[in-house]
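Structure first, commentary second.
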Amino acid sequence: MKKIVSIIMILSLMVLAACSMDSGLKDDKKEKKDSVKGLKIGVSISTLNNPFFVSLKDGVEKEAKEKGMKVTVVDAQDDTAKQISGIEDLILQKVDVLLVNPTDSAAISSAVQSANEAGIPVITIDRSSDEGDIETFIASDNVAGGEMAAEYLVKELGEKAKVVELEGVSGASATRERGKGFHNLADKQLDVVTSQTAEFDRTKGLNVMENILQGNKDIQAVFAHNDEMALGAIEAIKAAGKDIIVVGFDGNDDALKAVENGELQATIAQQPALIGEEAVNAAEKILKGDKVDETISVPLKLVTKK
């Protein structure tokens, strides 16, 4: 009798273990969807105090609406801790896919990994995450854009022209990539007097440029990693009564108007709304179980008045 009881207990434990293993497999497996209608997209934006990211958000919302998907947007306000908290909230809301525009590519990695553990696919937009599993990264080719800016300045001013570089947020992949592309050519063909961060912010661009102008009297040009800093730099340059070429990056509405009226010499124009649309299209494919490229590039163009 004892032997029979023992056998029954062993068999019961084996069945329970098998059930447990089967349950784990179901949790890990991504469920394919026949339709994305009604599914939820969580969007974490680095800051909505920047026209570029507002356009990106609008692109996401427009495309999602056409597909019948729901969108929840959280604004990190350029605060990494706030962004991580916002992503954790989206995970708790059980969104079906997560779009992340990181404030800091390294610091956001833990939040991406949390989404991975929850089985939520992650797409990064405009800036990447250093760690964690990413389904795809959608952005313009920032390295190529930086090179375009340097090429333009060499063409306009000649080699060894004295140039200032206004850098974006330290740690952001866009900052690293735009700077890398710029220096690929500038280090050989231009004289980069100084490179200082203004954190992608217009007011900081103005303040940093004011300080740079006080110590450098013969600057010929400025390359800013985004249009907001470029527009801030222009205000400082006008106040100082200087004639300095400024090149921005993004192609936001204010920058395009500034190019048209001759205040901003050029901008490397992205298409933020298209980046947002592409992110939703990629999300649809992923949720349906289709493959997407690891990187999806959205075209850039140099915009000048000429």
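The values are calculated or read from the model by the stated rules, or taken from the named source; none is laboratory data. Since we're looking at a predicted model, the values are computed, not measured. With ideal geometry, Cβ positions are generated from the backbone for all residues, glycine too; neighbour counts draw on all protein chains shown. Please note that ligands, DNA and RNA were not included when accessible areas were found on the heavy atoms of the full protein model with its side chains. Shrake-Rupley method; radii C 1.70, N 1.55, O 1.52, S 1.80 Å.
Values for this structure:
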| quantity | calculated |
| --- | --- |
| Qualifying residue in the stretch 140-156 (condition: at pLDDT 95 or above, assigned to a strand (DSSP E or B) and either open to solvent by less than 10 Å² (accessible area, probe 1.4 Å) or touching a Lys or Arg at 6+ places or on another chain (Cβ under 9 Å) (or both)) | no |
| Helices (runs of 4 or more DSSP H) enclosed by the stretch 51-135 - at least 2 residues per element that are in contact with a strand residue (DSSP E or B) (Cβ under 6 Å, 6 or more places away or on another chain), closer than 27 Å to ASN252 by Cα and open to solvent by less than 50 Å² (accessible area, probe 1.4 Å) | 51-67, 80-92 |
| Yes/no for SER170 being hydroxyl-bearing (Ser, Thr, Tyr) and touching a helix residue (DSSP H, G or I) at 6+ places or on another chain (Cβ under 8 Å) | no |
| Selected residue (only one of PHE249, PHE182 is buried (at least 22 other Cβ atoms within 10 Å of the Cβ), among the aromatic types (Phe, Trp, Tyr), touching a Lys or Arg at 6+ places or on another chain (Cβ under 8 Å) and in the same structural domain as LYS155 (by the TED database)) | PHE249 |
